[in-house]
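Colleague: For reference, the structure I am asking about is given below.
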Amino acid sequence: MSLATGLTLGDAYARTLPELGLAWQADAVPEPRMLLLNVVLAVEIGLDSAVVTPENLLGEGVAMAYSGHQFGGYSPRLGDGRALLLGELPDGRDLHLKGSGRTPFSRGGDGKAPLGPMLREYLVSEAMQALGVPTTRSLAVLTTGEAVMRDRGPEPGAVLARVAASHLRVGTFQYTAATGDVDLLRRLADYAIARHHPAVDGYLGFYERVVEVQAALVARWMQVGFVHGVMNTDNVTISGETIDYGPCAFMDAYDPATVFSSIDHGGRYAFGNQPAVLQWNLARLGEALLPLIDADQDAAVEKATKVVRGFTARYDHHLRAGWQAKLGLAEPPQALLDDLLTLLAERRLDLTSTMRALAEHLRGGPAPVDDPWLARWKAEDPDPTAMDRVNPVYVPRNHLVDEALTAAVAGDLEPFQWLLDVLTRPYDPRPGFERYATAGDGGTFVTFCGT
């Protein structure tokens, strides 16, 4: 696919793994219009923003095949039901569409996307990028000029163009393993290794590396209060990037039981469950890789089990390192970290503002919490300047996100643009922007994935 003279998207995935995708054309839409364009990202990936147009983006691509465990239940054939891989960019990343119409994987869905959820993904993924959390990126949001029917009635249709290291998922390996074609599984693993983890030693080393990058990722989520909301195995990348911002949100009051998603009735993907769920998902990747790890089934199981059990130690390492930085300490006692998390939960303190206020307290500001823990922490001689570099002032506050999305869907993009501007500079306090740093009123907040 060519977006402009001299710039042709690569087709390495389609050529290397033709069994794992179907060539498909994005739906024609009545009135395609560019609503948002990430000019900075366009330049970064080598695209002239003048040629990133709806006409160029809504072209032919590949609907990728994958399986997945959704809320614990296995679905053997998911795939891109409303998405297309357009191809690989010059820097090696994928260009991908979401909401581009029905594909053979749609399973009765309409393949469309409402504007609100596409704007949410644009906003939150760019906020995550600014926070230093590995993530897919948002390049553009197009409106389609057609209505999309959802439970709450008709909503304006939209297509999101996003960029990712790749769209290989745990579910991609599950789908491939289920075919019983070991050669195809090997080709997929070789492709993933060459693209994402070329320094690894063998297939077991590849598995170890995916476990490592995912442990680091979920530790970052836990440090900023991010709740993904739908951690199915088809939403876990091999690269270690956050993907598929459906019913996601950020906590205000710190509570491990926090659930925002309208479809997570049992709390499977609650904030505090995310590390354990991710380990469970990675165990499913290990099962898929068994034929490559060792020809002897028992030996392969033993080796893979050892790797996935090591997730906990890897996660704890990354979590501790992150909290050390957030507290401005080089070697804090573990009890100090554990007691802080307990204190945050018991008092239902706002994670973001509390951590920022701790640094201000060292400069003479008011104490953010009345508890003996504070004196214990100060006795360790924390560095407030170092804390400011890792504790954001601004995160996507749910009430502000809703406010901005509601206005944008109604035709007023200004609140969205202001919020986006703030969130892409999250560590810099700005006079007059205090409302963007303020937590919500603690009421019930529910998110919807838009499918």
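Colleague: Give the number of residues within segment 56-71 that are among the polar types (S, T, N, Q) and either touching a helix residue (DSSP H, G or I) at 6+ places or on another chain (Cβ under 7 Å) or modelled with pLDDT of 95 or more (or both).
Modeller: The total comes to 1.
Colleague: Can we say residue 299 is without any contact (Cβ under 8 Å) to a residue 40 or more places away in the chain and touching a Pro at 6+ places or on another chain (Cβ under 6 Å)?
Modeller: Working: without any contact (Cβ under 8 Å) to a residue 40 or more places away in the chain: yes; touching a Pro at 6+ places or on another chain (Cβ under 6 Å): no.
Here the answer is no, as residue 299 does not meet what is asked.
Colleague: Could you list all residues from segment 302-316 that are closer than 14 Å to residue 219 by Cα and in contact (Cβ under 8 Å) with a residue 40 or more places away in the chain? Spell out how you get there, then give the answer.
Modeller: If we filter segment 302-316 for residues that are closer than 14 Å to residue 219 by Cα, which is where we start, we get 311-316.
Scanning segment 302-316 gives 311, 314, 315.
Colleague: Pairs needed: first member in segment 329-341, closer than 21 Å to residue 224 by Cβ; second member anywhere, polar (S, T, N, Q) and in a helix (DSSP H, G or I); C-beta distance under 7 Å; at least 6 residues apart or different chains.
Modeller: What qualifies is 332/324.
Colleague: Output the residues belonging to segment 181-216 that are touching a Leu at 6+ places or on another chain (Cβ under 8 Å) and within 18 Å of residue 129 (Cα to Cα).
Modeller: 214, 215, listed by residue number.
Colleague: Run down 42, 50 and say which single residue is over 19 Å from the mean Cα position of the chain (by Cα) and at pLDDT 90 or above. Give the steps one after another, and end with the answer.
Modeller: Numbers: 50 fails: at pLDDT 90 or above.
Result of the check over 42, 50: 42.
Colleague: Can you report the number of residues in segment 215-239 which are of a type in the set (D, E, K, R) and either touching a His at 6+ places or on another chain (Cβ under 6 Å) or not in a helix (DSSP H, G or I) (or both)?
Modeller: Number of matching residues: 0.
Colleague: Pick from segment 35-86 the residues that are of a type in the set (D, E, K, R) and under 14 Å from residue 104 (Cα atoms): which of them is surrounded by the most Cβ atoms within 10 Å (Cβ to Cβ)? Reasoning before the result, please.
Modeller: Just the residues of segment 35-86 that are of a type in the set (D, E, K, R), to begin with: 44, 48, 55, 60, 77, 80, 82.
Filter once more, keeping what is under 14 Å from residue 104 (Cα atoms): 77, 80, 82.
Values: 77: 14, 80: 26, 82: 23.
It comes out as 80.
Colleague: Across segment 387-405, what is the total count of residues that are outside any helix (DSSP H, G or I) and in contact with a Pro (Cβ under 8 Å, 6 or more places away or on another chain)? Lay out the reasoning, then the answer.
Modeller: Quick first cut of segment 387-405, residues outside any helix (DSSP H, G or I) only: 391-397.
Applying the additional criterion that residues be in contact with a Pro (Cβ under 8 Å, 6 or more places away or on another chain) yields 392-395.
Count: 4.
Colleague: Determine if segment 349-369 includes at least one residue that is of a type in the set (Asp, Glu), over 30 Å from residue 154 (Cβ atoms) and part of a helix (DSSP H, G or I).
Modeller: yes
Colleague: Run down 121, 155 and say which single residue is in a helix (DSSP H, G or I) and either touching a residue at least 40 places away in the same chain (Cβ under 8 Å) or under 22 Å from the mean Cα position of the chain (by Cα) (or both).
Modeller: Residue meeting the stated conditions: 121.
Colleague: Filter segment 370-384 down to the residues that are outside any helix (DSSP H, G or I) and of a type outside the set (Gly, Ala, Ser), then identify the one that is surrounded by the fewest Cβ atoms within 10 Å (Cβ to Cβ). Talk me through it step by step, then tell me what you get.
Modeller: Taking segment 370-384 as the starting set, the residues that turn out to be outside any helix (DSSP H, G or I) are 370-371, 379-383.
Narrowing further to those that are of a type outside the set (Gly, Ala, Ser): 370-371, 380-383.
Details: 370: 8, 371: 15, 380: 14, 381: 10, 382: 20, 383: 15.
It comes out as 370.
Colleague: Residue check: is residue 166 within 21 Å of residue 62 (Cα to Cα), out of contact with any Pro (no Cβ under 7 Å at 6 or more places or on another chain), assigned to a strand (DSSP E or B) and not aliphatic (A, V, I, L, M)? Lay out the reasoning, then the answer.
Modeller: Details: within 21 Å of residue 62 (Cα to Cα): yes; out of contact with any Pro (no Cβ under 7 Å at 6 or more places or on another chain): yes; assigned to a strand (DSSP E or B): no; not aliphatic (A, V, I, L, M): yes.
Taking the combined requirement at face value, the residue does not satisfy it.
Colleague: Then there's this: Residues of segment 301-330 being small (Gly, Ala, Ser), more than 26 Å from residue 283 (Cα to Cα), surrounded by fewer than 20 Cβ atoms within 10 Å (Cβ to Cβ) and modelled with pLDDT of 95 or more, which ones? Full working, then the answer.
Modeller: Step one: of segment 301-330, the residues small (Gly, Ala, Ser) are 304, 310, 313, 321-322, 325, 328, 330.
Okay, now just the ones that are also more than 26 Å from residue 283 (Cα to Cα), so 325, 328, 330.
From what's left, surrounded by fewer than 20 Cβ atoms within 10 Å (Cβ to Cβ): 325, 330.
Listed by number, the list holds a single entry, 325.
Colleague: Looking only at segment 169-192, how many residues end up being part of a helix (DSSP H, G or I) and within 21 Å of the chain's Cα centre (by Cα)?
Modeller: Residues meeting the conditions: 6.
The values are calculated or read from the model by the stated rules, or taken from the named source; none is laboratory data. Note that the structure is a prediction, hence the values are computed from the model and not measured. Virtual Cβ from ideal backbone geometry, glycine too; neighbours counted across all protein chains shown.
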